[in-house]
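Inspection log for the structure reproduced underneath, given as structure tokens.
The values are calculated or read from the model by the stated rules, or taken from the named source; none is laboratory data. A quick note: this is a predicted structure, and the numbers were derived from the prediction, not measured. Note: ideal-geometry Cβ built from the backbone for every residue, glycine included; neighbour counts use all protein chains shown. Surface areas here come from the heavy atoms of the whole protein model, side chains and all, with no ligands, DNA or RNA. Shrake-Rupley method; radii C 1.70, N 1.55, O 1.52, S 1.80 Å.
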Amino acid sequence: MGAGGRMSVSTKKDEKEAIQRVPYTKPPFTLSQIKKAIPPHCFQRSVIRSFSYVVYDFIIAFLLYHVATTYFSLLPQPLSYIAWAIYGAVQGCVLTGVWVIAHECGHHAFSDYQWLDDTVGLILHSFLLVPYFSWKYSHRRHHSNTGSLERDEVFVPKPKSKIAWFSKYFNNPPGRVLTLAVTLLFGWPLYLAFNVSGRYYERFACHFDPYGPIYNDRERLQIYLSDVGMLAVAYGLFKLAAAKGISYLICVYGVPLLVVNAFLVLITYLQHTHPSLPHYDSSEWDWLRGALATVDRDYGILNKVFHNITDTHVAHHLFSNMPHYHAMEATNAIKPILQDYYQLDRTPFIKAMWREAKECIYVEPDEGAPNKGVFWYGNKI
């Protein structure tokens, strides 16, 4: 019923064959059966090994910073502009890896000590202007409700009946370029500040508001702590700009941060948006089917730079407290169990982004289908 693990898109013929719907019926296996297929050591967390990735990423980031601030000023002006652009892109990719490690801390996958995970996660995410605890709790609810049209937290597609009237004016190449540009540049801060693309709440939802509807009473103090962490880093950046100049701050930190935010949005978008993936309303949704309504992607060499968050996402949704350095082994172990329920799309991510922006505009049930609670992507406006 689906291309499953054989999914690989390289030609138009392959693309049509690859975009086959995944099974949406209840799987013939259980979560415990999937777990038994994974070697037990894959669930073991090592403080030393986890920290080694933090150290490695920051060594690379510092070397890039050192080269840029020491030698770029010696280049003639046209070349220096190109060099700074390359620095921003490469440094942004490296810092995306740092972001991924902080994300792992939020899942208690960094170590066996919750206090250590939260301390490391708070420091790393604050450095990247992310409210660690605020996002940790909303992201946990995303994992608890993946694929649910009513309760999922991020990139929740709209039913066809609820898409905005002006959407048809953006359903063309120029409109898609504009939409993708706005999404990649501003999608992350808009989600944090205004819950754009998030689930519906009856009142204003914001990741910086401890008393917003996203959080419960036990979580509110930690939301304050997240805000303090971000404000501390923002103050440090202000002092840096005052000492070195705003252009220095933009080149050294601002552009790489934009790249981090863009990749974060793109990675999440492509993991949960695909023509073959179903979404479910409350009449059909269950946790396992929702967790399987995700897709692994291939970012080439960036898979390693991003600590394989891109090509082991299915396993991550099934066992989110598994360290990233065991996720590939676990992914290979569960493929024979999942079979067609496992999705891997090797389409180059730029091409996939454009295809999904074109094909995945809204969701609706199949006309005449008995399962009215199963929704599929469409684009006929």
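Rundown of residues vs (1) under 17 Å from the mean Cα position of the chain (by Cα); (2) of a type outside the set (Asp, Glu); (3) open to solvent by less than 10 Å² (accessible area, probe 1.4 Å), yes/no style:
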site: Leu258; (1), (2), (3): yes, yes, no
site: Tyr280; (1), (2), (3): no, yes, yes
site: Leu288; (1), (2), (3): no, yes, no
site: Ala291; (1), (2), (3): yes, yes, yes
site: Val295; (1), (2), (3): yes, yes, yes
site: Ile301; (1), (2), (3): no, yes, no
site: His324; (1), (2), (3): yes, yes, no
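Taking the condition aliphatic (A, V, I, L, M) and touching a residue at least 12 places away in the same chain (Cβ under 8 Å), does Val260 pass? Steps first, answer last, please.
Details: aliphatic (A, V, I, L, M): yes; touching a residue at least 12 places away in the same chain (Cβ under 8 Å): yes.
When the stated conditions are applied, Val260 passes them.
For residues that are open to solvent by less than 20 Å² (accessible area, probe 1.4 Å) and of a type outside the set (A, V, I, L, M), scanning just segment 109-124, find the one that is nearest to Ala193 (Cα to Cα).
Looking only at segment 109-124, we keep the residues that are open to solvent by less than 20 Å² (accessible area, probe 1.4 Å), and these are 109-111, 117, 120-121, 124.
After this cut, where a residue has to be of a type outside the set (A, V, I, L, M) as well, the list is 110-111, 117, 121.
On the way: Phe110: 27, Ser111: 30, Asp117: 25, Gly121: 20 Å.
Restricting to residues being open to solvent by less than 20 Å² (accessible area, probe 1.4 Å) and of a type outside the set (A, V, I, L, M), the top hit is Gly121.
Note down all Cβ pairs under 6 Å where the first residue falls in segment 325-337 and is more than 24 Å from Cys105 (Cα to Cα), the second is assigned to a helix (DSSP H, G or I), and they're at least six residues apart or on different chains.
Matching pairs, first to second residue: Lys335/Gly5; Ile337/Ile34.
Just to be sure I understand, how many residues within segment 125-144 are of a type in the set (Lys, Arg) and crowded, with 18+ Cβ neighbours inside 10 Å?
So in segment 125-144, the residues of a type in the set (Lys, Arg) come out as 136, 140-141.
Of the ones still in play, those that are also crowded, with 18+ Cβ neighbours inside 10 Å are 136.
Selection size over segment 125-144: 1.
Condition first: within 18 Å of Gly147 (Cβ to Cβ), of a type outside the set (A, V, I, L, M, F, W, C) and touching a Phe, Trp or Tyr at 6+ places or on another chain (Cβ under 9 Å). Now tell me which residues in segment 284-328 satisfy that.
Glu284, Asp286, Arg289, Gly290, Asp296, Arg297, listed by residue number.
Name the one entry in Ala193, Ala205 that is at pLDDT 95 or above, more than 23 Å from Ala89 (Cα to Cα) and in contact with a strand residue (DSSP E or B) (Cβ under 8 Å, 6 or more places away or on another chain).
On the way: Ala193 fails: in contact with a strand residue (DSSP E or B) (Cβ under 8 Å, 6 or more places away or on another chain).
Result of the check over Ala193, Ala205: Ala205.
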